[in-house]
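J.: If you scroll down you'll find the structure; I have some questions about it.
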Amino acid sequence: MASLKELKGRINSVKSTQKITKAKQMVAAAKLRKAQASAEAARPYAERLAGVMASLASRVAGQDNAPRLLAGTGADQRHLLVVANSDKGLAGAFNSNIVRAALAKARQLEAEGKAVEFYLIGRKGRPVIRRAYPDRIGAQFDTTDVREPGFAEAERIADELVAMYEAGRFDIAHLFYSRFKSALVQEPTRQQIIPVPAPEQAPGNTGAVVEYEPSEEAILEDLLPRYLRTQLFGALLENMASEQGASMTAMDNATRNAGDLIQKLTIQYNRSRQAAITTELIEIIAGAEAL
């Protein structure tokens, strides 16, 4: 049985931990409001850009002169899995859920006889993927020196992916990130980003004849890289909001668990202290009666 001094030390230690988790929870809650607002503000632009791109892509899809980012390489043997994680921990299962979805897709592709390679964004997902696929890490993008990844980082990632695609490193690229639903719900999401998937019919298409100047192909040559950057930027914003929501929830649970543990240790301390006092009283009474 632990001594009174040991119990007192454990109580003080858990109280210190509780202060840290409470502070982390409050910081995450403050950051969540900003990150959520940024993610929600970016969605309408991304959806509208996707609609414009779909309208153009539906007119040139299948043609010989279609841009390579839209038409693809004509093969689907080599797959690049772009896994977007954070650089910080204490966020519950946020990073592990994204990594788990990416590894599941990698195993599925390998079972189909496909070649798999990884492009890693952020530090937290790297150790697990390195252990599973030590020789499949094609490239890494470090965001440790960036306070909050923004459009500049999304543009750099997009340019690197396009360069790898044009160099023939892969045929299809999949993006894995966490889509923000609420502070309690973050949904791991997979999205094909290269080649850009073109829907059969653009949303809201009324069948009206639309003429473009310059040609659809020329517009798409400029629009497709911009669309790719926008998709990556939106994924980074969704990840930031999801990370703060997961962190706030995890720290709230940790604070509650610390409070429960403090209560249990306090009860144990009081019982041990009462038992010690009772033993001392018995010894005093026994000594007095012996005299």
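J.: Show the residue pairs that are 6+ apart or on different chains and have beta-carbon atoms under 9 Å apart, the first residue being within region 111-127 and under 21 Å from ASN239 (Cβ atoms) and in contact (Cβ under 8 Å) with a residue 24 or more places away in the chain, the second being acidic (Asp, Glu) and not in a strand (DSSP E or B).
T.: Short answer, once both residue conditions are applied: TYR119/GLU160; ILE121/ASP142; ILE121/GLU153; GLY122/ASP87; GLY122/ASP142; ARG123/ASP87; ARG123/ASP142; LYS124/ASP87.
J.: Considering only region 125-154, how many residues are in a loop (DSSP other than H, G, I, E, B), more than 16 Å from HIS174 (Cβ to Cβ) and at pLDDT 85 or above?
T.: Matching residues across region 125-154 total 2.
J.: Pairs please, first residue from region 50-66 and within 17 Å of ILE194 (Cα to Cα) and modelled with pLDDT under 65, second anywhere and acidic (Asp, Glu) and in a loop (DSSP other than H, G, I, E, B), Cβ atoms under 9 Å, 6+ apart in sequence or on different chains.
T.: As it stands, the answer is ALA61/GLU200, since those pairs meet every condition given.
Residues are listed down the side, and each one gets a yes or a no for (1) under 13 Å from the mean Cα position of the chain (by Cα); (2) small (Gly, Ala, Ser); (3) in a strand (DSSP E or B); (4) under 25 Å from ASP159 (Cα atoms):
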| position | (1), (2), (3), (4) |
| --- | --- |
| VAL83 | yes, no, yes, yes |
| ALA91 | yes, yes, no, no |
| ASN97 | yes, no, no, no |
| ALA102 | yes, yes, no, yes |
| ALA106 | no, yes, no, yes |
| GLY113 | no, yes, no, no |
| VAL116 | no, no, yes, yes |
| LEU120 | yes, no, yes, yes |
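J.: Which one of the conditions (1) under 18 Å from the mean Cα position of the chain (by Cα); (2) part of a helix (DSSP H, G or I) does SER16 fail to meet, given that it meets all the rest?
T.: (1)
J.: Only residues that are within 24 Å of ILE121 (Cα to Cα), modelled with pLDDT of 80 or more and part of a loop (DSSP other than H, G, I, E, B): list them for region 67-81, please.
T.: ASP76, GLN77 - these are the residues of region 67-81 that are within 24 Å of ILE121 (Cα to Cα), modelled with pLDDT of 80 or more and part of a loop (DSSP other than H, G, I, E, B).
The values are calculated or read from the model by the stated rules, or taken from the named source; none is laboratory data. Being a predicted model, the structure only gives us computed values, none of them experimental. Cβ atoms come from the backbone with ideal geometry, glycine included; neighbour counts cover every protein chain shown.
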